[in-house]
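S.K.: Just passing along the structure, written as structure tokens.
Only the coordinates and a few stated rules stand behind these numbers; no lab work does. What you see is a predicted model; the values in this text were computed from it and never measured. All Cβ positions, glycine included, derive from the backbone under ideal geometry; neighbour counts span all protein chains shown.
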Amino acid sequence: MHERLTLAARAAARARCPAAVIAASLLVVSAPAMAAHKGGVSPAWGQCRAPDPDARIAGCTKVIQEIDKETPHNKVAAYVNRAGAYQAKGDYAHALEDFGKALEFEPKSSVILAARGAAHHAKGDLDSALADYDQAIAANKKNAAALLARAYVWRAKGDIEKALADLGDAAKADPKSTAADVAAGALYHGKGDHDRAIAAFSEAAKRDPKLAAARNGRGACHYAKGEFDKAIADFDAALKIDASYVGALVNRANAWRAKKDFARAKADYEAALAAKPDLAAAKKGSEDMAKLIAKKGSGAATPADSAPPEAEHDHN
């Protein structure tokens with residue numbers, strides 16, 4: 001069951017760092033769980049794996065109504081699949097109840113414990129989430145998803161060191177994933193430890209050269225250090241990977257602005273506005289640059305200006 005139960009490790013929410021390190025993997029096991037059945041007696045099994053939550057709930061309920069006819073494996077699958085559907089609908093009470101039923105059959109399942117923890121986490125019950133993640137990790141110390149999820153709980157509780165420790169273990173448990181490195185980079189940046197943040201983002205970029213968020217994150221750290229040329233190089237790289245990356249456009253605009261290259265800054269602000277017309281930072285930046293360029297064009301000395309002190313991390 002451990003191998004067949006698929007837990008999504010993607011964000012249930014997105015947030016800007018470093019104010020909140022709920023990046024590409026917040027609530028790392030928060031997306032609906034889905035389990036594969038083997039054979040199965042009930043004709044409703046196809047519906048019990050339907051992508052639509054309501055259809056899946058209906059199908060799994062039919063299976064559960066005759067659950068005694070199913071194998072232990074399939075009993076777990078039915079409850080897990082229905083739990084995932086309830087969770088997708090935001091019905092955490094029923095999701096938790098069904099995960100509890102599944103755990104009656106497999107009480108030491110690291111994956112199901114982590115899934116229930118994610119339901120508690122999504123509900124905002126951090127202590128219950130932490131308890132389930134603890135058990136999940138005790139059952140399988142290499143459960144990278146649970147380690148990553150627990151790191152976000154520690155972050156929410158303000159224990160950055162424990163969060164970083166879990167992120168380090170998650171990176172070791174899943175060397176191919178970039179989520180832990182990106183999250184660690186954001187946390188280090190939030191602490192003002194820009195060199196460690198740069199190292200973490202560099203590791204993420206090494207693991208996935210096409211991860212624009214790693215380049216943007218590293219660029220933001222260089223920006224914070226006043227290394228504007230290095231920052232621009234990273235923002236360039238992020239935009240080469242994803243030309244529509246609005247966060248990188250604004251960040252590069254700010255870096256050009258810090259270098260007093262107002263024309264290039266204005267061009268990037270306007271490109272960001274074209275992609276996202278309601279973006280206040282880009283609108284104000286563009287207006288500021290227009291005024292500065294006009295003053296400079298009048299023959300006056302280069303006007304005083306201050307670029308934003310921080311670049312934004314917008315990890316996808």
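S.K.: K210: which lysines have alpha carbons under 19 Å from its alpha carbon, excluding same-chain residues fewer than 8 sequence positions away?
M.R.: Answer for K210, where 19 Å is the Cα cut-off: K176, K230, K240, listed by chain and number.
S.K.: Take the alpha-carbon positions of the stretch 60-126, form their convex hull, and give its projected area averaged over all directions (one quarter of the hull surface) in nm².
M.R.: Averaging across all directions leaves 4.1 nm² for the Cα convex hull.
S.K.: Given a Förster distance of 41 angstrom, what is the FRET efficiency for K123 paired with E66, based on the Cβ-Cβ distance and rounded to 0.05?
M.R.: 0.85
S.K.: Quick one: Kirkwood hydrodynamic radius for the stretch 181-270, alpha-carbon pairs, angstrom, one decimal?
M.R.: Kirkwood radius, the stretch 181-270: 12.6 Å.
S.K.: Along the principal axes of its C-alpha atoms, what lengths does the stretch 235-316 span, in descending order and rounded to whole Å?
M.R.: Rounded to whole Å, the extents work out to 42, 22, 20 Å.
S.K.: Another question, if that's okay. Note down the nm distance, to one decimal, between modelled labels 7 Å out along Cα→Cβ at D229 and at A165.
M.R.: A separation of 4.2 nm, rounded to one decimal place.
S.K.: Let me ask something additional. For S306 and K283, calculate 0.36 nm times their separation in residues minus their Cα-Cα distance, and state this gained length in nm to one decimal.
M.R.: My answer for the length gained is 6.7 nm.
S.K.: Once you put a point 7 Å from the Cα of H94 and another 7 Å from the Cα of K176, both along the Cβ direction, what distance in nm separates them?
M.R.: 3.5 nm
S.K.: With 31 Å as the limit, write out which pairs from K142/K206; K172/K259; K89/K157; K108/K162; K101/K141 have Cα-Cα distances beyond it, or answer none.
M.R.: K172/K259
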